[in-house]
Amino acid sequence: MLDVLLMVIIFVVAFLIGYVLIARVPQMLHTPLMSMTNAISAVTILGALLLFSVPTTAVEKTLGAIAIVTAVFNLVGGFVITDRMLGMFKRKQAVVWKSNERTFKTPSVPTESRE
Amino acid sequence: MSALWVDLGIILILIAGIAQFRAPRVARTGNLTAVVALLCALAVVLYRYRVLDPALVVAFAVLGTLIGGWVAARVNMIQIPAMVAFQHGAGGVAAFLVSFVELTRDTAVPLTRVAEVAALLGLVVGAATFSGSMIASGKLANRLRQTPTILPRHNGLLVATLVVIALLAVWAGVTGNAAAVLVALVALLASAIVLGIIFAVRIGGADMPVLISFLNATAGLAAAFCGIAIGNRLLIACGATVAASGSILTHVMCQAMNRGLVNVFAGLRLDSKSETTSSTVVTAASTPEGDSREPVEERGDPRVRAVSLLGDAQRVIIIPGYGMALAEASEEVVQLGERLSDMGKEILFAIHPVAGRMPGHMHVLLAEAEVDYANLRELKDVNGDFVETDVALIVGACDVVNPAAIERSDTPISGMSILRADEARHVIVCNLDERPGYSGVPNPLYSNAKTVLLLGDAKMTVSTLLQGLSCSADAAAGD
């Protein structure tokens, strides 16, 4: 029973920490965020691996193999796309400074210096 | 106990990765941090348990890596929503397969009650996520009709499927007969797949960002249930984090459209009543429209007028909508922004939360076109600036700039936050046609005297504007 309690606690705490952190992610990064968390959800690969930690029947082998392919596809694909997307975001200082200097009221974009 | 600390360490690395999603460059490190966390998790599991068929496992892992890497390297940014939806589905498949094998396998130690319930939930949520995601992906990739498909008695069917699922799950839980369990589980799997389809077909168009975010959450939830079923803490923690992320994005999207989750999923807005309302609005709006636009046409070619407005402007805010993505005009739009910027004007891009087909999609599309991301603004940060803006340039957006959301109280978009393009001194609209957006509410901005309408393909229109600006700049230099 202690195990169950621990598992529930882990779920709740991870959900809450995730919630607090992710609520602060700027809209600009929402697509890469979803793509990355998508890759994280492929953590089911662990479950698929564990299927093979005991002797398996042919059917179980087949199902387990499909689970591994889909999970790894999700994992690798998700992380690679996220990296590609984030790499596309560029800044061109010259233009930035001009528009931040004297004009629009609310330049609340995260700047490199604040990172 | 030491195993617990190792697990907690890995979870901390993962959280550190997510915490870095602040600005694009650090986020890239954050993504790599998450990769490290998952590699550690894999290493730990391989260290703790002996995999009995290493050759088979490695072979299929390599296969998955090749497919995933190949697809990820080739996909373009317009296809991203379809791709992400497809991946949610792949995650769902893995989750329901693991749950299914755990429930059916004949082991010395039977599953505990908790594990069994969790596995049943993992099976149902995983399978529904799978089929729902496939529908979503098909719609986003334009392989399926994008508009909502409403079956007769849609909500009734949805409830009926849920009841069948509940009954089958209970039957699978109580029956002791192995053959009966197998039958029950296969039936359960089938009904969960049907559930996902019924659930997803009704959602379409501008509601897709809600659906894709929701499926993100359910994919995480399925992983977490799987984790409880096999008693793996890492799976639970990762799944819970993903579920949290998906929930937040779902909430943000619903809020941006001023709609409740139930409202979106139960299709409350698309009933016949609201359709008749909007059609009466069309006829009502069409009369003044004709009158007010006469003078504009007298002033000659609207494109010439648009170019001169842009040439005279000091401050321009560009509002891209999904129409820009459909016309594949993002590069031209970004070039136009740079051209104007080179001419000494102040340029911002104002992006509505539901401008794309998934949360943050428009930002990524513009980033692909090499926009300077420091010039991208969110709705709440930019709305006060429109009053002091000379030209609001709308490209392929309708509902998100429709003042009817504020001025009227009886439309489907009433109460939705909009970009206040109507407050700018002049408005230039580069849309395909004058038809209302997804909501079906006509946009009074189109008939406003300060608006210049440039109808037609946005890619062409924006290119024309670019050329026009270059010509006028040359002429000015010639003087």
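The values are calculated or read from the model by the stated rules, or taken from the named source; none is laboratory data. Since the model is a prediction, treat every value here as computed from it, not as a measurement. Here the Cβ is made from the backbone with ideal geometry for all residues, glycine too, and neighbour counts use every protein chain on show.
Considering the stretch B:98-115, the residues that are within 11 Å of chain A (Cβ to nearest Cβ) and in contact (Cβ under 8 Å) with a residue 12 or more places away in the chain include one that is nearest to A:Met88 (Cα to Cα), namely B:Val98. Scanning the stretch B:47-65 for residues being part of a helix (DSSP H, G or I) and at the interface with another protein chain (Cβ under 7 Å from one of its Cβ atoms) gives a total of 7. Just checking, does the stretch A:36-53 include any residue being facing another protein chain (nearest Cβ under 7 Å), over 20 Å from B:Ala90 (Cβ atoms) and modelled with pLDDT under 95? Checked against the condition, which is being facing another protein chain (nearest Cβ under 7 Å), over 20 Å from B:Ala90 (Cβ atoms) and modelled with pLDDT under 95, the stretch A:36-53 yields at least one hit.
Scanning the stretch A:52-65 for any residue that is assigned to a helix (DSSP H, G or I) and closer than 14 Å to B:Leu235 by Cβ turns up nothing.
When the test is whether a residue is out of contact with any Pro (no Cβ under 6 Å at 6 or more places or on another chain) and either more than 14 Å from chain A (Cβ to nearest Cβ) or part of a helix (DSSP H, G or I) (or both), B:Ser439 does not pass it.
From the list A:Val96, A:Val80, pick out the single residue that is within 7 Å of chain B (Cβ to nearest Cβ), at pLDDT 95 or above, in a helix (DSSP H, G or I) and in contact with a helix residue (DSSP H, G or I) (Cβ under 9 Å, 6 or more places away or on another chain). Before the answer, list the steps.
Numbers: A:Val96 fails: at pLDDT 95 or above.
After applying the criteria, what remains is A:Val80.
When B:Ala180 is tested against (1) away from every other protein chain (no Cβ under 12 Å); (2) small (Gly, Ala, Ser); (3) surrounded by 24 or more Cβ atoms within 10 Å (Cβ to Cβ), only condition (3) is not met.
Going through B:Ala73, B:Ala118, B:Ala85, B:Ala95 one at a time, which residue ends up being crowded, with 22+ Cβ neighbours inside 10 Å, in a helix (DSSP H, G or I) and facing chain A (nearest Cβ under 8 Å)?
Values: B:Ala73 fails: crowded, with 22+ Cβ neighbours inside 10 Å; B:Ala118 fails: facing chain A (nearest Cβ under 8 Å); B:Ala85 fails: facing chain A (nearest Cβ under 8 Å).
Result of the check over B:Ala73, B:Ala118, B:Ala85, B:Ala95: B:Ala95.
Just one of the listed residues (B:Thr129, B:Thr161, B:Thr147) is in the same structural domain as B:Gln87 (by TED's automatic domain parsing) and not in a helix (DSSP H, G or I), namely B:Thr147.
Of everything in the stretch B:98-115, what is among the β-branched types (Val, Ile, Thr), part of a helix (DSSP H, G or I) and either touching a Gly at 6+ places or on another chain (Cβ under 7 Å) or surrounded by fewer than 16 Cβ atoms within 10 Å (Cβ to Cβ) (or both)? Give them in sequence order. Give the derivation first.
As a first pass, look at the stretch B:98-115 and keep what is among the β-branched types (Val, Ile, Thr): B:98, B:101, B:104, B:107, B:109, B:112, B:114.
Now narrow it down to the ones that are part of a helix (DSSP H, G or I): B:98, B:101, B:104, B:114.
Within the stretch B:98-115, B:Val98, B:Val101 qualify.
Exactly one residue among B:Asp399, B:Asp410 is within 15 Å of B:Pro320 (Cβ to Cβ) and out of contact with any Cys (no Cβ under 8 Å at 6 or more places or on another chain), and that residue is B:Asp399. Of all the numbered requirements in (1) surrounded by 24 or more Cβ atoms within 10 Å (Cβ to Cβ); (2) out of contact with any helix residue (DSSP H, G or I) (no Cβ under 7 Å at 6 or more places or on another chain), B:Ala55 misses one, and that requirement is (1).
Quick check: anything in the stretch B:48-57 in contact with a Ser or Thr (Cβ under 8 Å, 6 or more places away or on another chain) and of a type in the set (A, V, I, L, M)?
So in the stretch B:48-57, the residues in contact with a Ser or Thr (Cβ under 8 Å, 6 or more places away or on another chain) come out as B:49-53.
Checking the rest, the ones that are also of a type in the set (A, V, I, L, M) come to B:51-52.
Yes; the residues of the stretch B:48-57 include at least one that is in contact with a Ser or Thr (Cβ under 8 Å, 6 or more places away or on another chain) and of a type in the set (A, V, I, L, M).
When the residues of the stretch B:355-370 are narrowed to those that are free of Cβ contacts under 8 Å to residues at least 40 places away in the same chain, facing chain A (nearest Cβ under 8 Å) and not in a helix (DSSP H, G or I), which ends up surrounded by the most Cβ atoms within 10 Å (Cβ to Cβ)? My answer is B:Gly360. Scanning the stretch B:15-41 for residues that are facing chain A (nearest Cβ under 7 Å) and under 18 Å from B:Ala224 (Cβ atoms) gives B:Ile15, B:Ile18, B:Ala34, B:Leu38, B:Ala41.
Among the residues of the stretch B:330-354, write down those that are free of Cβ contacts under 8 Å to residues at least 60 places away in the same chain, under 14 Å from A:Met28 (Cα atoms) and more than 10 Å from every other protein chain (Cβ to nearest Cβ). B:Phe349 - this is the single residue of the stretch B:330-354 that is free of Cβ contacts under 8 Å to residues at least 60 places away in the same chain, under 14 Å from A:Met28 (Cα atoms) and more than 10 Å from every other protein chain (Cβ to nearest Cβ).
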